[in-house]
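Written out below as structure tokens is the structure these notes cover.
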């Protein structure tokens, strides 16, 4: 049993799944690939869409918009070299918390939701900003990762509003939270 557990742990991905370092060319395609290429980013952004879809009403647009706006601000901070504490921890926490919120179908006050989602967006954006490296093309890069992030939010929203019954959406949220906990290991 112990050998099986150690083998499983050795096969787990690292938390910084999308972070390739600053050794790549900037551009729209690179920005587009960044959130899609890392499960930590993709799962959190999909969870924002799922949660927004479960909440309905104003939250359907407000949650993704808050995440994207804060993500852009975080990108600016990261690109400018302004350090934020515990960025990777914040990204992993976003997977756990957002997945858990979907699983529990939590409905806190919208202002609290927006602040929480914006905080997580700030961390994700900062990671994109610090990982882009040197060079021109930052605008195209930012446009790419914002487009991919918005598409992931939209996919989560569409899944819960059009395809998945609430129980399955909530089960997906639970799986996301467990994935986030695995990233902590």
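What the table below lists for this structure:
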read-out	value
Translational D in µm²/s for segment 110-185 (Stokes-Einstein at 10 °C, 1.306 mPa s, Kirkwood Rh from C-alpha pairs)	107
Euclidean distance between Cα centres, segment 136-168 to segment 57-83, Å	13
Inter-label distance for residue 140 and residue 185, nm, one decimal - labels placed 7 Å from Cα along Cα-to-Cβ	4.1
Kirkwood Rh (inverse of mean 1/r, distinct Cα pairs), segment 40-184, angstrom	14.9
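FYI, it's all coordinate maths here, none of it is from the lab. Given the structure is predicted, the values throughout are model-derived calculations rather than measurements. Cβ coordinates were reconstructed from backbone atoms using ideal geometry, including for glycine residues, and neighbour counts include every protein chain displayed.
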